[in-house]
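In what follows, a single structure is set out as structure tokens and then discussed.
No lab work stands behind these numbers, since they all come straight from the coordinates. Because the structure is a prediction, the values reported are computed rather than measured. Here the Cβ positions follow ideal geometry from the backbone for every residue, glycine too, while neighbour counts run over all protein chains shown.
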Amino acid sequence: MQAQRYTADMPTAHEATIIDGRAIAATLRDTVADRVQAMQRAARLDAIIVCGNPAGEVYAANQARTCESLGIEYTLHTLPAETTESAVLDCIVKCNNDEACTGVMVHLPLPEHIDTQAVQRAIDVAKDVEGVNPANIGGVIYGHRTLVPCTAAAIMHLIESTGVSLQGAEVVVVGASDIVGKPVAVLLMQAEATVTSTNVHTTDLFSHTRNADVVIAAAGVPGLVTGEHVKPGAVVIDVGINRVRDEATGTTSTVGDVDFESVLPVAGFLTPVPGGVGPVTVAMLLRNTLEACLRSHS
Ligand code: NAD
């Protein structure tokens, strides 16, 4: 697709093109499956979970199925809820030292008595398939694109899928967490975009997003970015995953940080929630698992 740039004086798009994260993820998984088949040695992903993390347990079950379908071995290490930090670290060291294990990840959140950063630091840099070890996060600054944090990699891939050029584009990242907002801001800088990073203390979010060619919403605030925040034709990537309860019906649903209905008639491209960044993030984990395995043999 030809690269395009939008300006505020262009007519409002009738309706944004929905970026189909599920389809993009399926293509990524197919590529991983083909490359896994061609490999000389088995890839094995070891995941560690501490009991009492229902969302993590669902994710782990999905991971097991997906890995199996791609030809990647999967081992889940389940530790009791009352496990200690040193027991988690011991488990990581065992995985690090196990030659058959080529990728390691830890399901978050961990119980409060465990230091998440200490756990992430313990993962062997070469097996860190979520890209959470500070060495891999730091590597992003130097342009190392191998074990990039998965959500940041997914956001970049989704923007690239639109064909919109990032070089010279005004991009606003809403949210500056260590694992999403900051790494993606650095990746965008490497793509030679003009990047504005915003956070909870940003006084006038509107004034930044309204001029942006690309808006990335990663604040964890349901419906934060509305149609009024968005320049006509902009690319809007919704990273948020928020569970909200409708008091009227008593039902619970998953929504993003973008008010989908009001942004749809304004944006040029828009990711849905669910079905946008989420599935591509999972596919990036699998791609990182493949890359880690390939690098372990080179
Ligand atoms: P976090 O809580 O660690 O960080 C939130 C960031 O948003 C902070 O920098 C905060 O200052 C900023 N923020 C809060 N309110 C703001 C506002 N009004 N304006 C501007 N900035 C504001 O969150 P996180 O871990 O980065 O996650 C953010 C969201 O993305 C959550 O909904 C999370 O569930 C989701 N998430 C999705 C994926 C995925 O794969 N789709 C992965 C990770 C996180």
Worksheet, complete the sentence: Taking segment 213-224 and keeping only residues that are in contact with a helix residue (DSSP H, G or I) (Cβ under 9 Å, 6 or more places away or on another chain) and more than 9 Å from the ligand (Cβ to nearest atom), one is left with Val214, Val215, Ile216, Gly223
Discussion item. Just to verify a result, which residue in segment 188-199, among those that are in contact with a Gly (Cβ under 9 Å, 6 or more places away or on another chain) and not in a strand (DSSP E or B), is nearest to the ligand (Cβ to nearest atom)?
Written reply: Asn199
Discussion item. Looking only at residues that are under 20 Å from Val132 (Cα atoms) and of a type in the set (Gly, Ala, Ser) in segment 64-109, which one is surrounded by the fewest Cβ atoms within 10 Å (Cβ to Cβ)?
Written reply: Ser86
Fill in: segment 257-298, residues that are closer than 14 Å to Ile18 by Cα, in contact (Cβ under 8 Å) with a residue 60 or more places away in the chain and within 13 Å of the ligand (Cβ to nearest atom)
Thr271, Pro272, Gly275, Gly276, Val277
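Which residues, taken from segment 151-185, are part of a loop (DSSP other than H, G, I, E, B) and within 11 Å of the ligand (Cβ to nearest atom)? Talk me through it step by step, then tell me what you get.
So in segment 151-185, the residues part of a loop (DSSP other than H, G, I, E, B) come out as 163-169, 175-180.
Answer for segment 151-185, where residues must be part of a loop (DSSP other than H, G, I, E, B) and within 11 Å of the ligand (Cβ to nearest atom): Gly175, Ala176, Ser177, Asp178, Ile179, Val180.
Consider segment 117-171. How many of its residues are of a type in the set (Ser, Thr, Tyr) and under 18 Å from Lys182 (Cβ atoms)? Quick ask: steps written out before the conclusion?
Within segment 117-171, the subset of a type in the set (Ser, Thr, Tyr) is 142, 146, 151, 161-162, 165.
Add one more test, that the residue is under 18 Å from Lys182 (Cβ atoms), and what stays is 142, 151.
Counting residues in segment 117-171 that are of a type in the set (Ser, Thr, Tyr) and under 18 Å from Lys182 (Cβ atoms) gives 2.
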Worksheet item: Within the bounds of segment 129-148, is there any residue that is within 16 Å of the ligand (Cβ to nearest atom) and among the acidic types (Asp, Glu)?
Response: yes
Worksheet item: Taking segment 20-43 as the region of interest, how many residues are within 15 Å of Thr102 (Cβ to Cβ) and either surrounded by fewer than 16 Cβ atoms within 10 Å (Cβ to Cβ) or in contact with a Lys or Arg (Cβ under 6 Å, 6 or more places away or on another chain) (or both)?
Response: 5
Worksheet item: Within the set of pairs 6+ apart or on separate chains, which have a first residue in segment 218-243 that is under 18 Å from Thr203 (Cα atoms) and of a type outside the set (A, V, I, L, M), a second that is part of a loop (DSSP other than H, G, I, E, B) and more than 8 Å from the ligand (Cβ to nearest atom), and C-beta atoms under 8 Å apart?
Response: Gly223/Asp259; Thr226/Asp259; Glu228/Arg210; His229/Arg210
Worksheet, complete the sentence: Going through (1) over 30 Å from Pro222 (Cβ atoms); (2) free of Cβ contacts under 8 Å to residues at least 24 places away in the same chain one by one, Thr116 fails only at (1)
Item to complete: Those residues that are of a type outside the set (Ser, Thr, Tyr), surrounded by 15 or more Cβ atoms within 10 Å (Cβ to Cβ), within 16 Å of the ligand (Cβ to nearest atom) and farther than 17 Å from Ala152 by Cα, I need them from segment 225-256; list them, please.
Response: Val225, His229, Val230, Asn242, Val255
Worksheet item: Do we have any residue at all in segment 114-136 that's closer than 25 Å to Ile237 by Cα, surrounded by fewer than 19 Cβ atoms within 10 Å (Cβ to Cβ) and in contact with a Ser or Thr (Cβ under 8 Å, 6 or more places away or on another chain)?
Response: no
